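The values are calculated or read from the model by the stated rules, or taken from the named source; none is laboratory data. Computed from a prediction, not measured in an experiment: that's the story for all the values here. Every residue, glycine among them, receives a Cβ derived from its backbone with ideal geometry; neighbour counts consider all protein chains shown.
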Amino acid sequence: MSPRFPAVTSDEVITVIQKLGFLFKRQSGTSHAIYFRESDKRRTTIPVHKGRIIKKKTLKAILVDCALTVDQFNELRNS
């Protein structure tokens, strides 16, 4: 059984990656926030559009950037 990608907003994704130690670095324009983790130099970009669901392909790219599986993301999201 393959894990399903959840329908999440940027606020939910930001909450999860902050639990992992990512810190806000800067904002590119008005719609993309860049988060950075010093411990392993990982970086990810989160599209910030209030109330809109992040597309599955975009969420997949964020999870790859953060070295997370869908199951790990869901566990952190629900904790």
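Table: residues versus (1) closer than 26 Å to Pro3 by Cα; (2) part of a strand (DSSP E or B).
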residue	(1), (2)
Gly21	yes, no
Lys25	no, yes
Thr30	no, no
Tyr35	yes, yes
Ser39	no, no
Ile46	yes, yes
His49	yes, no
Lys60	yes, no
Asp65	yes, no
*Looking at Asn78, is it of a type in the set (S, T, N, Q) and free of Cβ contacts under 8 Å to residues at least 12 places away in the same chain?*
yes
_Failed criterion for Leu23 (all others in (1) exposed (fewer than 15 other Cβ atoms within 10 Å of the Cβ); (2) more than 11 Å from the chain's Cα centre (by Cα); (3) at pLDDT below 95 hold)_ = (3)
*For region 67-79, which residues satisfy the criterion of being among the polar types (S, T, N, Q), assigned to a loop (DSSP other than H, G, I, E, B) and farther than 13 Å from Thr15 by Cα?*
Thr69
*For region 8-19, name all the residues that are β-branched (Val, Ile, Thr) and either assigned to a helix (DSSP H, G or I) or over 14 Å from Glu75 (Cβ atoms) (or both).*
Thr9, Val13, Ile14, Thr15, Val16, Ile17
_Residues located in region 53-75, provided they are in contact (Cβ under 8 Å) with a residue 60 or more places away in the chain and of a type in the set (D, E, K, R)_ = Asp71
*Out of curiosity, is Phe5 in contact (Cβ under 8 Å) with a residue 24 or more places away in the chain, part of a loop (DSSP other than H, G, I, E, B), surrounded by 13 or more Cβ atoms within 10 Å (Cβ to Cβ) and among the hydrophobic types (A, V, I, L, M, F, W, C)?*
yes
*Quick one: is Phe36 within 19 Å of Thr9 (Cβ to Cβ), under 12 Å from the mean Cα position of the chain (by Cα) and among the aromatic types (Phe, Trp, Tyr)?*
no
